[in-house]
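K.L.:
Can you keep this structure in mind? I'll have questions shortly.
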Amino acid sequence: MQLDCETIGADLVVRMREARLDAAGAIAFKEAFRACLQGPATRVILDLSSVTFMDSSGLGAVVAVLKAATPARAFALAGLTPAVARVFKLTRMDSVFSIYPDLAAAMAEGRGAASGDGGG
């Protein structure tokens, strides 16, 4: 599973480098993501802009890493492609996660203030 992990200020940015997050890669995704969580970041941003397909196992993996990251850290998603955004909307998980149109918007929100609901 290809994930890039980078600490930028107080944020841990995790970039997904795969086109699919499905049953075949869900376990590897969770393991790779948990390895990224070892740093001291106060917020985690998962950039999904490369993901063009996500099934229920992939969604479950994202929920699992949310649980692994919180409550010690805030958690946000960025760059959902239309197909992936549809999965979050259909399952109403778009109301659970702070979702930003892209990584730049998520980073800007973090630099701005800790007010508001965190995304759109």
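A short reminder: the numbers here are calculations on the coordinates, not readings from a lab. Remember, predicted model here, so these are calculated numbers, not experimental data. Here the Cβ is made from the backbone with ideal geometry for all residues, glycine too, and neighbour counts use every protein chain on show.
K.L.:
For a quick check: sort C36, C5 by the number of other beta carbons within 10 angstrom, fewest at the front.
P.N.:
Lowest to highest Cβ neighbour count: C5, C36.
K.L.:
What is the fewest-to-most order of D94, D55, D47, D4 by other Cβ atoms lying within 10 Å of their Cβ?
P.N.:
D4, D55, D94, D47
K.L.:
By how many nm would the segment from A24 to D102 lengthen if fully extended, with 0.36 nm per residue of separation less the alpha-carbon distance?
P.N.:
Extending this stretch completely gives an extra 25.5 nm.
K.L.:
If you take Kirkwood radius over Cα pairs in Å from the coordinates, which of (i) 16.5; (ii) 14.0; (iii) 15.1 do you get?
P.N.:
Among (i) 16.5; (ii) 14.0; (iii) 15.1, the one calculated here is (ii).
K.L.:
Magnitude of the Cβ-charge dipole of the chain, K/R +1 and D/E -1, about the Cα centre, nearest 20 debye?
P.N.:
With Lys and Arg at +1 and Asp and Glu at -1, about 220 debye.
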